[in-house]
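Below you'll find the structure, written out as structure tokens, and then a few comments.
The values are calculated or read from the model by the stated rules, or taken from the named source; none is laboratory data. Keep in mind that what you see is a predicted model, and the values were worked out from it rather than measured. Reconstructed Cβ throughout: ideal geometry from the backbone, glycine too, with neighbour counts over all protein chains shown. Calculation scope for accessible area: heavy atoms of the full protein, side chains included, ligands and nucleic acids excluded. Shrake-Rupley method; radii C 1.70, N 1.55, O 1.52, S 1.80 Å.
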Amino acid sequence: MKVAILTLCTNNNYGNRLQNYALQKFLSIYIETVDTIWFEKNHYLPELPTWNWKLILKCILRWKNAYIDFKYNYVKECIREYNIKKFSNKYIKIKYDYKIRNNLNEEYDYFIVGSDQVWNPHYEQYYNEKFLKFADKKKRISYAASFGVTDIDNIKTKKIFQNNLIEMKNISVREVAGAKLIEELIGIKVEVVVDPTILLSKEEWQKIEMVPEWYNGEKYILTYFLGNPSPIIKSIAKKNNWKIYNLMDKNDFDLYTSRVEEFVYLIDHAQLVATDSFHACVFSILMNTPFLVVNRQQKGVADMISRIDTLMELFGYQDRYIVNGECNLSDEKILNMDFSNVKAIQEREIERSTVYMKKALNLE
């Protein structure tokens with residue numbers, strides 16, 4: 001049997017590449033050939049700004065700042081994406097098909113769209129690919145697909161989703177909010193399954209870890225979000241004489257350009273992780289690393305946080321939030337998390353996902 005995965009085609013996000021790898025590895029247990037179809041022409045170079053007379057004038061008037069911005073920011077983005085692309089090249093079997101050839105349907109027995117925010121209505125391009133419209137209806141499957149939102153307001157977009165979702169053979173989503181949205185759109189109840197990264201064990205993830213060359217063994221708190229750490233994080237770091245490493249700090253070249261394998265290592269060996277990233281939370285749980293979820297309660301964040309809410313409810317960590325810089329937990333409880341139920345919950349969810357996948361692929 002041959003199966004193809006279609007997901008977001010990007011090399012600028014650790015979680016996206018890790019979930020792609022995990023789904024491929026999970027499917028390979030049962031399927032002889034598993035490929036990922038890369039349908040977007042973006043490679044590893046970030047887009048340059050769209051030039052107009054205002055931007056040109058701004059660069060002329062502030063040419064020194066423009067040069068520094070290009071040299072220190074754009075170049076860093078290029079290196080960061082290049083390093084992430086190395087992971088894709090090494091671990092993921094990719095087939096580049098920018099036009100989705102007419103005979104692609106005949107090459108594979110099934111197509112799986114997911115995981116990540118493949119059905120985010122704000123990503124308006126590539127509906128043909130993301131809903132597998134090029135394939136026979138009986139071959140269209142989703143695994144842990146995510147909307148990233150709780151509702152679709154635009155009437156035209158809502159109609160597109162209704163027409164496409166009803167033609168899927170099997171649907172599973174990653175968040176409870178996504179399941180509710182589908183039921184509202186097409187009146188069908190669908191399964192909520194875990195992100196592919198949860199389908200692999202801690203030991204399997206540790207096999208791909210890579211120690212950063214710059215790391216000398218000191219203890220640290222890892223942060224992965226935009227903005228400055230809350231007073232809670234700073235206080236814990238100061239009390240314990242720990243460093244604070246921020247993966248989003250563009251001023252720290254080594255950290256900002258970390259490879260995917262280093263991302264996993266840094267979470268695994270941190271004393272504490274503070275993040276608003278779904279996949280950073282996942283890996284903190286899998287690696288049994290204490291963590292806090294940063295919820296800034298900004299406009300639009302409530303929708304985006306739904307995927308983390310589902311994850312926290314699954315593992316029973318609803319108290320791990322920092323809201324507006326404050327957390328209800330003591331320092332001791334923050335640093336001493338109970339991970340005793342993680343393995344059992346993970347094994348249960350792997351079994352549920354296996355049952356869903358075997359049914360969808362007619363392997364029963």
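Below are the figures for this structure:
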item	result
Residue, least open to solvent (accessible area, probe 1.4 Å), within the range 180-203, restricted to residues that are closer than 28 Å to M287 by Cβ and over 18 Å from the mean Cα position of the chain (by Cα)	E191
Where L292 falls short, out of the listed (1) in contact with a helix residue (DSSP H, G or I) (Cβ under 6 Å, 6 or more places away or on another chain); (2) surrounded by 21 or more Cβ atoms within 10 Å (Cβ to Cβ); (3) modelled with pLDDT of 95 or more	(1)
Any pair with Cβ under 8 angstrom, 6 or more apart, that starts in the range 334-351 at a residue that is closer than 23 Å to A274 by Cβ and ends at one that is part of a helix (DSSP H, G or I) and of a type in the set (F, W, Y)	N341/F315; V342/F315; I345/F315
Of all residues in the range 27-40 being open to solvent by 20 Å² or more (accessible area, probe 1.4 Å) and assigned to a loop (DSSP other than H, G, I, E, B), the one that is modelled with the lowest pLDDT	E40
Test result for F111, under 19 Å from the mean Cα position of the chain (by Cα) and not basic (K, R)	no
Filter result (at pLDDT 95 or above, farther than 30 Å from I152 by Cα and among the aromatic types (F, W, Y)) within the range 89-140	Y91, Y108
Scope the range 226-249; condition within 20 Å of the chain's Cα centre (by Cα) and open to solvent by 50 Å² or more (accessible area, probe 1.4 Å); matching residues	L226, M248, D249
Hey, K159 among the basic types (K, R) and closer than 13 Å to L185 by Cα or not	yes
Positions within the range 97-134 being outside any helix (DSSP H, G or I), crowded, with 21+ Cβ neighbours inside 10 Å and not aromatic (F, W, Y), in sequence order	I112, V113, G114, S115, D116, Q117, V118, L132
Test: S146 is crowded, with 16+ Cβ neighbours inside 10 Å, within 30 Å of P212 (Cβ to Cβ) and modelled with pLDDT of 90 or more	yes
Subset tally (residues that are in a helix (DSSP H, G or I) and open to solvent by less than 60 Å² (accessible area, probe 1.4 Å)) for the range 149-164	5
Count of residues meeting criterion [open to solvent by less than 20 Å² (accessible area, probe 1.4 Å) and at pLDDT below 85] in the range 295-328	2
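Here's the yes/no breakdown for (1) modelled with pLDDT of 95 or more; (2) assigned to a helix (DSSP H, G or I); (3) exposed (fewer than 14 other Cβ atoms within 10 Å of the Cβ); (4) at positive phi:
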site: N11; (1), (2), (3), (4): no, no, no, no
site: K25; (1), (2), (3), (4): yes, yes, no, no
site: N42; (1), (2), (3), (4): no, no, yes, no
site: L45; (1), (2), (3), (4): no, no, yes, no
site: L57; (1), (2), (3), (4): no, yes, yes, no
site: Y72; (1), (2), (3), (4): no, yes, yes, no
site: E77; (1), (2), (3), (4): no, yes, no, no
site: F87; (1), (2), (3), (4): yes, yes, no, no
